Amino acid sequence: MKKIFMLLFSATLLMSCGGDGKKEEKKENSIKLNSTTAEPKNEKEDGITRVYLTGNDQMRYNKSEIKVKAGDKVVLTFEHVGKMSKETMGHNFVLLEEGTNVQEFSQEALEFKDNDYIPESSDVIIVHTEMLGGGEKTEITFQAPEKGKYDYVCSFPGHVALMNGTFIVE
């Protein structure tokens, strides 16, 4: 009798562990729901454009293009959504004057480690955020420049190759 009870108990335990796939379905659905959770979109009010930009541990911005209207007040929220430190994988947002040679700028920025890789007396920087480490967020407000296409980059060494985009002012 004891053997039959143990056999039934073991079979019941195995069946409850295996399940019928419903738990797995629920898990997949929750992952899908989480992955489609909308990040804040660019919001446009009368004369104000709010922009949400992120950088991650894979050296990527979430946007390769940002569009605003000339003269608008731009409120840019920048968040480092990765986990790595500022010293290892720091990120920032640097908006450059139209026509700036991005490679030359990034080479110059290398010399300014103590200033978070922002050249101190540069005349090609329109605006920039502070350098952030994983989990940090900052916000800057500035006036959109005149109509044109401007480059934005991360000035941390080596990041400009992957972390760059176009800031389009219409």
**Prompt:** Where the Cα atoms of region 55-170 are projected onto their three principal axes, how long is each span, largest first, in whole Å?
**Reply:** 36, 26, 21
**Prompt:** Considering every pair of different Cα atoms, what Kirkwood radius, in Å, is found for region 82-148?
**Reply:** 13.1
**Fill in**
Count of lysine pairs, region 43-169, Cα-Cα under 24 Å, sep. 8 or more residues or interchain, comes to 26
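Throughout, read-outs are computed from the coordinates displayed, never taken from laboratory work. Owing to the predicted nature of the structure, the values given are computational and were not obtained by experimental measurement.
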